[in-house]
Amino acid sequence: SGEDLYEQTPLVRKIVDEGLDATSGIIVLGERLYHAALAPVGVGQPRRTVAYLLNAPAIDQRFANRIADSTNADVLFVPAGAPDSIARSSQAPSFGVSQMTGVEQIIGRGQELRPRTQPMGGSSYVLTGLPLRAEGAVTGAAVFLRSLDRELAPFQEIERALLFGGGAALLVAFILSWLI
C-alpha cells in the first residue's frame, strides 16, 4: 500500500539498522496482525543490500484454522490496538475479549495466561494465552480455548454406562435372590 514500514514496525527497523541476515515476528498494520519474515536482498561481492524481502501472511481466520487443526484447540488472535477485530478459528466460540478474563493482562502486561477454567455461554472452557511480541512490544494475544464439556463427554458416557450396567446387575441379582 506504499506505507513506510520502517517507521511503522520495529521488526523492519531492526533488520535495516542492525544489518541482520534474517528476522521474523509479528507486525501490526492498521488493525490486522501479520506473521512476518524479513531478509535482505543483496548483490555483488562484497554483498551490498539493495532491498528487503518481506513475507507476511495475515493472521486471519485461515491462519487460525491451521493453528487450531495442529493444536486441537480453538484459537483467537487479538490485536492489542483493536481488541474487537479478533481473528478466530471457525470452531471457536464467538465471545469477545470482555467475556474472557485475563486477556487484558496478556495485552496490558505482556504476561502469559496460565490455564484456567472459565464458564462462558453455558459451557465451561479451559483458557490459556500467550502475548504476541514484536521486538519487545506486545502487539496482541493468542488465546487457546478447549471445551471442557466436549473433553469430558467420553468419560461421562463411561460413567453413565457403569451406572446403568451396575443398576441392572443389582436388579437382576435382587430378583434372582428373591426367587431362590
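The values are calculated or read from the model by the stated rules, or taken from the named source; none is laboratory data. Because the structure is a prediction, the values reported are computed rather than measured. No Cβ is skipped: glycine too gets one built from the backbone with ideal geometry, and neighbour counts run over all protein chains shown. To get the accessible areas, we keep the full protein, side chains included, count just its heavy atoms, and leave off ligands, DNA and RNA. Shrake-Rupley method; radii C 1.70, N 1.55, O 1.52, S 1.80 Å.
Note: relative contact order over the chain, using C-alpha pairs below 8 Å and six or more positions apart, is 15 percent. The Cα center of the range 84-136 and the Cα center of the range 8-47 differ in position by 28 Å. The H on the amide N of Y52, modeled in the peptide plane, is under 5 Å from the matching H of V41, each at least 5 residues off or on a different chain.
To the nearest 20 debye, what charge dipole does the chain have about its Cα centre, counting +1 at the Cβ of each Lys and Arg and -1 at the Cβ of each Asp and Glu?
On the way: 15 positive and 18 negative charges, 50 e Å.
Computed charge dipole of the chain: roughly 240 debye.
Which Cα, out of T101, A51, I27, lies furthest along the positive dipole direction of the range 1-114 (beta carbon charges, K/R +1, D/E -1)? Toward the positive end, the furthest listed residue is A51.
In this simple spin-label model, placing a label point 7 Å from the Cα along the Cα-to-Cβ direction at both T101 and R48 gives a separation of 6.2 nm.
What is the calculated FRET efficiency for A22 to D60, with r their C-beta to C-beta distance and R₀ = 25 Å, to the nearest 0.05? Result of the calculation: an efficiency of 0.55. Selection among G129, L11, G140 by position relative to the dipole of the chain gives G129 as farthest towards the positive end (Cβ unit charges, Cα centre). The fraction of accessible area contributed by carbon and sulfur in the chain is 56 percent, rounded to a whole number (1.4 Å probe; ligands and nucleic acids excluded). Site pair K14 and E112 shows an inter-label distance of 1.9 nm when each label is modelled 7 Å from Cα along Cα→Cβ.
Determine the gain in length on full extension of the stretch I180-H35; use 0.36 nm per residue of separation and subtract their C-alpha separation, reporting nm with one decimal. Could the numbers behind the result be given before it?
Values: separation 145, 0.36 × 145 = 52.20 nm, distance 7.51 nm.
Stretched out fully, the I180 to H35 stretch lengthens by 44.7 nm.
Coupling constants for the range 26-34 follow from the phi torsions by the Karplus curve (6.51 cos²θ - 1.76 cosθ + 1.60, θ = phi - 60°), and in residue order they are 9, 10, 10, 10, x, 10, 10, 9, 9 Hz; glycine and proline get x.
Hey, what number do you get for the chain at 222 nm if only DSSP H runs of n ≥ 4 count, each worth -39500 (n - 2.57), divided across all residues, to the nearest 500? Display every interim value, and only then the final one.
Details: 5 runs with 63 residues, N = 180.
Using -39500 (n - 2.57) per qualifying helix, the result is -11000 deg cm²/dmol.
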